[in-house]
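This report concerns only the one structure given below.
The values are calculated or read from the model by the stated rules, or taken from the named source; none is laboratory data. Every value quoted in this text rests on a predicted model; they were computed, and no experiment measured them. With ideal geometry, Cβ positions are generated from the backbone for all residues, glycine too; neighbour counts draw on all protein chains shown. These area figures cover heavy atoms from the full protein model, side chains too; ligands, DNA and RNA do not enter into them. Shrake-Rupley method; radii C 1.70, N 1.55, O 1.52, S 1.80 Å.
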Amino acid sequence: YECKRHSFDLPKIRTAVFSHPEQIPQNKDYFDIIYIYADRYKSGCGANGIYLPPVILNSEWAEIENQLKTARANGIKYALCSNVGQITRLRSLGFEIMADFRFNVFNAPSVRFLLQNGFSNVILSPELTLPQISDLAGTSAIVYGKIPVMTTHKCILKDTVGCEKCKGTLVDRQGAQLHVEGVFGHRNIIYNSVPIYMADRLQALKNHSW
């Protein structure tokens, strides 16, 4: 693999995304930004950023915008943007926005385009290797977490464990367990059974530090 190295003058920050407020750890000061789903945000929960669901229908935007306005009025500054349809609305409310990995950013032109269109930072595609990440110095990368593999419009949980828990598990043909989480609009997100885990690559991360 060979690629010209690009360097972007972006702040070095630690961010985390949590599905529920109770998941936010006590040592939250380790993170510069903690994101929580907009519909689960509560004042004083420990988050200073909100995260929009990947799918929002036109009929649902009024409710989402009310949630965003509440968060903004409580001093929430940051927003993790899932797709291009969310950019204008988040910017109009005054959020500082970061591009989620769902933008599938692989190269410098994509990074530049997003930065030129109001993003303060970009999370790279989790499919990139460390050398490829290093070639996009200054951007952000996922170092731990289970990646969503599918978003379903049909609520799997309602038809299996019920809506009360709003979470469950699917088992594939090889016996791997995939976590299923209910999100805004009664949609489900199915996560990979194995998380990205970079703690055993600390030296490699330092070698490719950006």
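Ordering Glu65, Glu181, Glu164 by accessible surface, largest first, gives Glu164, Glu65, Glu181; the 1.4 Å probe counts only protein heavy atoms, with every chain in place.
Think of each Lys and Arg Cβ as +1 and each Asp and Glu Cβ as -1; about the Cα centre, that makes the dipole of the stretch 71-210 roughly 320 debye. With bins 5 Å wide beginning at 0, the percent of Cα pairs of the stretch 1-121 falling in each bin runs 2, 10, 21, 22, 19, 12, 8, 3, 2, 0. In the chain, a dipole from Cβ-located charges (positive for Lys and Arg, negative for Asp and Glu) runs towards its positive end, and of Ala16, Tyr197, Val55 it is Ala16 whose Cα lies farthest in that direction. Considering only Gln26, Ile142, Cys81, the residue lying farthest towards the positive end of the dipole of the stretch 22-144 is Cys81, judged by Cα position with unit charges set on Cβ.
In the stretch 64-210, what percentage of the DSSP-assigned beta bridges are antiparallel, given to the nearest 5? Each step should come with its number before you reach the end.
Numbers: 15 of 23 bridges.
Around 65 percent antiparallel, to the nearest 5.
Treating r as the C-beta distance of Arg173 and Glu127 and R0 as 30 Å, the FRET efficiency rounds to 0.80. Hey, how many Å between the Cα centroid of the stretch 55-89 and the Cα centroid of the stretch 185-204? With the stretch 55-89 and the stretch 185-204 each reduced to a Cα centre, they are spaced 24 Å. For Lys77, a cut-off of 16 angstrom between C-alpha atoms picks up these lysines, skipping any fewer than 8 places away in its own chain: Lys42, Lys69. Over the chain, the fraction of Cα-Cα pairs per 10 Å bin, rounded to whole percents and listed from the shortest bin up, is 8, 31, 37, 20, 4, 0.
Label-to-label distance, Ser92 versus Asp200, with points set 7 angstrom from Cα along the beta-carbon direction: 4.8 nm.
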